[in-house]
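To keep things clear, I will list the structure first and then write my remarks on it.
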Amino acid sequence: MSYAAIMVYVEADATPEDRVRLAATLAGKFNSMLIGLSALTLPPPIAADGMLLDGPTSMDIDLMKAKLADRGKWFKGVAGGDPQRIEWRSSLDLPIEAMARAARSADLVVIGQATATGGAYRALDPGEAVLKMGRPTLVVPDGVSTLRAEHVVIGWKDTREARRAVYDALPLLQAAARVTIVEACKGNEENTALRRLDDLTRYLTWHRINGGPRVILEQRASGAAQLIRVAQEEGADLLVTGAYGHSRLGEWVFGGMTRDLVVTSPICCLMSH
């Protein structure tokens, strides 16, 4: 298995050089097509007394097109490599809608961790992107420009989303020197958790991946904080987890693993929904 095409999101109002370099390195590692994408649009015109006010002018549209074209030149310059293996796409649309459509062309999508300024018309919401794209999504924190993925931590929970994430991460897991599978459980559930992890360990072995199970006890602190701490103790630079096992609204209102990882993780997270 491999990633034949990797897509990376480029904000129209920022220069995420570290993220683009990381995506380009991954594309080189897997001999993938590298696709850069950016999008922006203007708020719809306001209607008052049967009239449309403040609609976009032709100059506004020309300026947006010029900005996106400039981003394309910048992207190709940073990505480097074989021009035949690099593609640029742009759209005058909501970033989330443009990404959700374009993701059909990619095996893996690389996005930033934080929502940039500008609202939904100029910025991509990472949580919404993970939910809507239907592709494994690599969430890259600001300032992270490399992903060696020599040691990967799988944050396991026996859910559809976690199973999907492990399958989607197989190319990276097969290239890793070490994989640690972590499940947090209550004190009276350790044996049951170990049986689940043993099943997953055997599955990985069938894919020529050596995984080691590790059960940790749930704590009152954020589950994401526990998982991040384990990954840092293990020296891993990639977390693999399912995303939004509960409703996204519930996660963002009441707190949840996906939200906390998207917002706070200092290391890259590969998530699938």
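The values are calculated or read from the model by the stated rules, or taken from the named source; none is laboratory data. Being a predicted model, the structure only gives us computed values, none of them experimental. Counting neighbours? That spans all protein chains shown, and the Cβs are built from the backbone with ideal geometry, glycine included. Just so you know, the surface numbers come from the protein's heavy atoms only, side chains and all, with ligands and any DNA or RNA stripped out. Shrake-Rupley method; radii C 1.70, N 1.55, O 1.52, S 1.80 Å.
When segment 242-255 is filtered for residues that are assigned to a loop (DSSP other than H, G, I, E, B), open to solvent by less than 60 Å² (accessible area, probe 1.4 Å), at pLDDT below 75 and within 23 Å of Tyr167 (Cβ to Cβ), only Gly245 remains.
Across segment 160-195, what is the total count of residues that are among the small types (Gly, Ala, Ser) and farther than 14 Å from Met271 by Cα?
Qualifying residue count, segment 160-195: 6.
Residue selection: Pro213 satisfies the criterion of being farther than 18 Å from Ile228 by Cβ, surrounded by 14 or more Cβ atoms within 10 Å (Cβ to Cβ) and touching a Leu at 6+ places or on another chain (Cβ under 7 Å).
When the residues of segment 81-99 are filtered to those that are farther than 26 Å from Leu42 by Cα and under 22 Å from the mean Cα position of the chain (by Cα), the one that is least open to solvent (accessible area, probe 1.4 Å) is Ile86.
Pairs linking a residue in segment 183-210 that is in a loop (DSSP other than H, G, I, E, B) to a residue that is open to solvent by 40 Å² or more (accessible area, probe 1.4 Å) and of a type in the set (A, V, I, L, M, F, W, C), with Cβ atoms under 9 Å and 6 or more positions apart or on different chains, are Lys186/Leu217; His207/Met1; Asn210/Ala177. Count of segment 117-144 residues, restricted to those that are in a loop (DSSP other than H, G, I, E, B), hydrophobic (A, V, I, L, M, F, W, C) and touching a residue at least 60 places away in the same chain (Cβ under 8 Å), is 3.
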